[in-house]
Amino acid sequence: MRNAEAPDGARPREEGSDLPPWPSASKGSTRAPGASNRVPNGAPNGVHSRGSRPEPERVQWSALIRLGLVVAAGLVVARLFGALATVLVVLALVVMVLLHEFGHFIVAKLSGMQVTEFFFGFGTRLWTIKRGETTYGIKALPFGGYCRITGMTSAEEVAPDDEPRAYRNQATYKRVAVACAGSAVHFMLAFLMLFALFIGPGDMGNFEAVPASNPIASVDGFGQAKSPAELAGLAAGDRILALNGRHFSTWNEMTAYIKARPDQKVAITFESHGRVSTSSVVLANGAKVHLTGMSGPLYSTPTGLLGVEEGPVRYGFFGSILHAGAAVGNTVASSVTSVGRVVGNVSGYAKMVESPKAADGPHAVRFVSPVGVVVLAHETTQVGISYVLWLLILINIFVGVFNMIPLLPLDGGHVAIALYEKVRSLRSKTPYHADVNKLAPVIYAALALILFYGATSLFMDLRQVLS
C-alpha cells in the first residue's frame, strides 16, 4: 500500500487549466471536489494540451500482447527444462502479493477514499488505462504490485480539494480496515487453501498430527526381500489399531515405538476391509536393510522398520471448515512465536550467518529470502500437491503476520498511528494528527532492520544453493 507522493498522483487544478472546477459533491457529483481526472501526460481526458499527444490505446494493447507472448514463451521454456511446476508456484506467490494490494484497494474504494493508481509490477510502464480517478496498469518487473491512496500520512502534500477523501481524514475504523485488508486477504487465502487441502489431497502431518489409525498410504518393499508389513499382509487403505496390544494416539508415537524395536517380534492388530485381524512379524533392522542404488544400509544405527507409509488426513465439508479455521489460528500463533525467536535471538542468528551448519540445521528458525522460496517451491513440487499447498499456506500466514508488526512502513504501523491518533483526539476532544516526521528515526531503523534480515537471509540461501 503506497501513498500518493508520485508523479501521477492526485494534483490540484493548475492555474490557467482548461478544466473547469468540479461541481460540488453536494450537487450530485460522483467525484469529490477537485478529484483529478487527468491522463499520465497531464492533459485532461478528451482534451489534449498543445504540443502533447496521448499514447494511442492500440500501442498500449500491443505492449500488453507482447508481454503476454513473453510470459507464454517463458512458460514453454520452463516446461522444456522441467521447471514449469516451480514457475507456476512462483507465479502463484506473485498473484498473492497482488491480491494483498487489491485488499487495500477495494476497501479504500468502498470507504470512499481516493485511490489514484493500482499497478501490477514495478519499473517501466507497459500498459495503462484510466477509469475514473484511478489509473490501472502493468509494469515491466512482475514482482507484485501496489496501489496509491491519497494522504496516507500527515507528511504527504495533498491538494485542499482532495483532503476530504484523504486516508488521514477518514474515520478510525475505516483507516484500520484499509490497513488490515492486505493481511486479511492473506489469512483468507490461507483458510481457503487449508480447506482445499483437508477436503482434497489431505494434510501429511504438517498442520495436524496424523492419527495412528489413519489409513496406510502404501506398503514398502525392502529391495529383494519382503518388508515386515508385506509379510503381515498389510495393504494400502488398512488401519493399524494396535502394536503388542498397545494403542497410539498419533502416527509419530507409533513410529517411535517401532523404531525402538529392531529385530523384535510384534503383534500387529489391523483393520482391513472392515475386518480386524492380528499378525505377528519380526521388525526389520534399518542398519541391515540395503536398498537398490544405495551404497550403504538405510540407517547407520539399529532402527526398527515395519515398511508402511502414513496416509494423509482428510475431512468432510464441515470438518474441513472447522479444521482449516483451527489450523489458521495455530499457524498464526506459531508464526508470531517464530518471528519473536528470530528477532530476539541475536547471538543465535549471528551464528547462523557465520555457520552453514547452524543455518541449515533441522531446528534452525530463520527468515527465507526469495531465492530460498524458489528452492522450497521446487522441492515441494517434487513431493506433491499437499506440500505445495503447505508452502503457500505458510507464506500467506507469515506475510499476513509480518505486515501487522506495528512499525512503519508496514501496515501495522498505519494501524498503530490510527489508534494512537484516536486516543489523543478523545483526550483532547479535538482532531489530532501525529507528525510522522518525528517518527523518521524509528521508520529508518525499521527499514534498516528489514534490509538487514533480507540481506542476510539472501546470503544464507545463496550459500546453501552454491554449496
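The values are calculated or read from the model by the stated rules, or taken from the named source; none is laboratory data. Since the structure is predicted, the reported quantities are computational estimates derived from the model, not experimental observations. Counting neighbours? That spans all protein chains shown, and the Cβs are built from the backbone with ideal geometry, glycine included.
Taking each residue of the stretch 264-276 that is in the same structural domain as ALA232 (by TED's automatic domain parsing) and more than 17 Å from GLU230 (Cβ to Cβ) and looking for partners that are surrounded by 15 or more Cβ atoms within 10 Å (Cβ to Cβ) and among the charged types (D, E, K, R) with beta-carbon atoms closer than 8 Å, six or more apart or interchain, yields GLU271/ASP238; GLU271/ARG239.
So, ALA212, is that one surrounded by fewer than 13 Cβ atoms within 10 Å (Cβ to Cβ), of a type in the set (A, V, I, L, M, F, W, C) and in contact (Cβ under 8 Å) with a residue 24 or more places away in the chain or not? Break it down into steps so the answer makes sense when it comes.
Numbers: surrounded by fewer than 13 Cβ atoms within 10 Å (Cβ to Cβ): no; of a type in the set (A, V, I, L, M, F, W, C): yes; in contact (Cβ under 8 Å) with a residue 24 or more places away in the chain: yes.
No: the conditions fail for ALA212.
Checked against the criterion of being surrounded by fewer than 21 Cβ atoms within 10 Å (Cβ to Cβ), outside the structural domain of ILE443 (by TED's automatic domain parsing), among the hydroxyl-bearing types (Ser, Thr, Tyr) and not in a helix (DSSP H, G or I), the candidates THR135, THR124, THR116 yield just one match: THR124.
Results for (1) in contact (Cβ under 8 Å) with a residue 12 or more places away in the chain; (2) assigned to a loop (DSSP other than H, G, I, E, B); (3) buried (at least 16 other Cβ atoms within 10 Å of the Cβ); (4) touching a helix residue (DSSP H, G or I) at 6+ places or on another chain (Cβ under 9 Å), shown as yes or no for each residue.
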position: GLY340; (1), (2), (3), (4): no, no, no, no
position: VAL368; (1), (2), (3), (4): yes, yes, yes, yes
position: VAL373; (1), (2), (3), (4): yes, no, yes, yes
position: ALA377; (1), (2), (3), (4): yes, no, yes, yes
position: GLN382; (1), (2), (3), (4): no, no, no, yes
position: SER386; (1), (2), (3), (4): yes, no, yes, yes
position: TRP390; (1), (2), (3), (4): yes, no, yes, yes
position: VAL399; (1), (2), (3), (4): yes, no, yes, yes
position: LEU407; (1), (2), (3), (4): yes, yes, yes, yes
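Out of everything in the stretch 230-252 that is in a helix (DSSP H, G or I) and surrounded by 15 or more Cβ atoms within 10 Å (Cβ to Cβ), what residue ends up being nearest to the chain's Cα centre (by Cα)? My answer is TRP251. Here GLY348, GLY329, GLY344 are screened, and the one residue that is modelled with pLDDT of 90 or more and surrounded by fewer than 16 Cβ atoms within 10 Å (Cβ to Cβ) is GLY329.
Taking every residue in the stretch 152-181 that is closer than 20 Å to LEU99 by Cα and in the same structural domain as SER425 (by TED's automatic domain parsing) and pairing it with any residue that is surrounded by fewer than 22 Cβ atoms within 10 Å (Cβ to Cβ) and among the aromatic types (Phe, Trp, Tyr), at least 6 positions away or on another chain, yields no pair with a Cβ-Cβ distance below 7 Å.
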